[in-house]
1. In this structure, is Ser107 of a type in the set (Ser, Thr, Tyr), within 20 Å of Arg507 (Cβ to Cβ), surrounded by fewer than 16 Cβ atoms within 10 Å (Cβ to Cβ) and out of contact with any Phe, Trp or Tyr (no Cβ under 9 Å at 6 or more places or on another chain)?
2. Scanning for something modelled with pLDDT under 90, in contact with a Lys or Arg (Cβ under 8 Å, 6 or more places away or on another chain) and of a type in the set (A, V, I, L, M, F, W, C), does segment 476-493 turn up at least one residue?
3. Do the conditions hold for Tyr244, that is, is it of a type in the set (Phe, Trp, Tyr) and out of contact with any Ser or Thr (no Cβ under 7 Å at 6 or more places or on another chain)?
4. Give the residues of segment 216-240 that are crowded, with 21+ Cβ neighbours inside 10 Å, at pLDDT 95 or above and within 17 Å of the chain's Cα centre (by Cα), sorted by residue number.
5. So is Asp54 closer than 18 Å to Gly161 by Cα and acidic (Asp, Glu) or not?
6. Can you name the number of the only condition in (1) open to solvent by 40 Å² or more (accessible area, probe 1.4 Å); (2) in contact with a Leu (Cβ under 9 Å, 6 or more places away or on another chain); (3) at pLDDT 90 or above that Ile192 fails?
7. Name the residue that is nearest to Leu497 (Cα to Cα), counting only residues in segment 519-535 that are of a type in the set (Lys, Arg) and open to solvent by 70 Å² or more (accessible area, probe 1.4 Å).
8. Only one of these is at pLDDT 95 or above, surrounded by fewer than 21 Cβ atoms within 10 Å (Cβ to Cβ) and not β-branched (Val, Ile, Thr): Glu301, Glu254. Name it.
Amino acid sequence: MLHKNHTTKILLCVSIILTSQFSILNSLRAQKPVIPDTASAGQLRVDEVMSLIDGNYVDAPDMDRMGEEAIKAMLKALDPHSMYIPAKDVQRANEGLEGNFEGVGISFQIIDDTIVVGSVIDGGPSEKVGIMVGDKLIRIDGSPATGDSINNNFVFKHLRGKKGTVVSIDILRQGTVYNFEITRDKVPIYSIDTYFMADDTIGYIRLVRFARTSVDEFRKALKSLKKQGMTALILDLRGNTGGYLDIAYGMANEFLSRGQLIVYTEGRRSPRQDFRANSRGNFRDGRLAVLIDEGSASASEILSGAIQDWDRGIVIGRRSFGKGLVQRMMQLKDGGQVRLTTARYYTPSGRCIQRPYDGGSDAYRDDLSQRYKHGELVNADSIHFADSLRYRTAHGRTVYGGGGIMPDIFVPIDTMRLSDYYISLRGKGLLNTFPMQWADTHRGMPQVKTFNDFLANYDSFGLDSLLAAAAIEKGVVRDTEKEALEPERTAHSDNYLRLMLKAQVARDLFGIDYYYMVMKDFDDGYNAALLQLRR
């Protein structure tokens, strides 16, 4: 039984990883909102003001909009994660967690006012008709799909739609125009974007969200890796902002033994509820390393916290986000939703995952900046915990509460990667557009027929020089005076840039798996996990 023992370049790097909104649903049990028998003084004041506005305001007030704004303001006064979703936005808000949406099944980039297919989702409608990476959409349903007015909203509006409806797309592929009739359908959104063998015995799985399909996807990946000889696993939760509580439970259940507590929830009107493993997990014995960072939140923290508290595996990276509030979805009569915080998450040892938010919403949002200013992202010694936040794992190791999961092995963020040149390239979009354009032009070459061919011939392509020429054309130039003062930083950043360019081209030619297979050699967290598991 476990028991308690009584702006800078680094911010840019972090912002690339971290998403700005954390959306958590709890679907294990429904709960109706509790409505007091008598209205509070605050409620009466709101009704009184609304009535005064309706009866006396100089113009006809938009009472619906005022009502929505009032709801938002009320929820904002509670905590950072309670939120209101208008009826028109509910479907879009839930897509990532439900594991599918209705549309044609592509991801895209807008390059020089043209929609370019970035990837084709396996099993989606576009894959079935033959849409390929690099295809340029020039007409949709007979109307032009290029020009200054093209943006993300335009693409979503014209390509997404109800299952069974048909959209006509004209695409330009290597100088030839083709027409495709695509019947929209359910399109899967995968939770695992890559998995592979890191060596003969160590597997790697990257989980990007906790959605309806996550446990099934994990079991499929696990089965494949075991067939290839896997006996140890790196589970990458970096940047994973969470998802459903029952899916977090299901994932943790894969690693823990029967009866072990995974997480418990408790709130003012929500009695304590324990979630325990049921002995049906498929990886209860193998060596395990879990990667987390400041972008790992909620369900990611439930899973990594349970692994750490039971000493089931080793947690590597940086302190996680600290999102430990449980939201329940309350359906409104007009189709909208309120996601209302009803409880807190606690790890098996009793640690509260949620970091403090009593300093106000601005301070809460600015926490990442404060972590940098205090040196936390680059130096573990800068992190200080009060003795009152000390807890013990199953084997008696000291861990700390107070918000987020502190890893067992700290991996600092690599600020040396971000030279001015690198930042300028990224700001101009060249790190996305240049690799895609090159891949689109050369994908028929025998030198890139397979990934191994690509690796063998890569140096002969001269992509570093071509990117430098494109940078000059776009007005991205090196600040030679500054770089002369930072030769070590510049050399390190250029090495990272070269690998990033190679990985981006590999992704555009062969898919997202190959991006990670190239980048892993420059991934400090990944390599720290490899080192620990090999020991």
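The values are calculated or read from the model by the stated rules, or taken from the named source; none is laboratory data. Because the structure is predicted, anything quoted here is derived from the model rather than measured. Glycine gets a Cβ as well: all are built from the backbone with ideal geometry, and neighbour counts include every protein chain shown. What goes into the accessible areas is simple: the full protein's heavy atoms, side chains included, and nothing from ligands, DNA or RNA. Shrake-Rupley method; radii C 1.70, N 1.55, O 1.52, S 1.80 Å.
1. Yes: the conditions hold for Ser107.
2. yes
3. Answer is no for this residue.
4. If the condition is that a residue be crowded, with 21+ Cβ neighbours inside 10 Å, at pLDDT 95 or above and within 17 Å of the chain's Cα centre (by Cα), then Phe218, Leu235, Asp236, Leu237, Arg238 are the ones that fit.
5. On the way: closer than 18 Å to Gly161 by Cα: no; acidic (Asp, Glu): yes.
Answer is no for this residue.
6. Only one criterion in (1) open to solvent by 40 Å² or more (accessible area, probe 1.4 Å); (2) in contact with a Leu (Cβ under 9 Å, 6 or more places away or on another chain); (3) at pLDDT 90 or above is unmet by Ile192, namely (1).
7. Ranking the qualifying residues of segment 519-535, first place goes to Arg534.
8. Testing whether each residue is at pLDDT 95 or above, surrounded by fewer than 21 Cβ atoms within 10 Å (Cβ to Cβ) and not β-branched (Val, Ile, Thr) leaves just Glu254.
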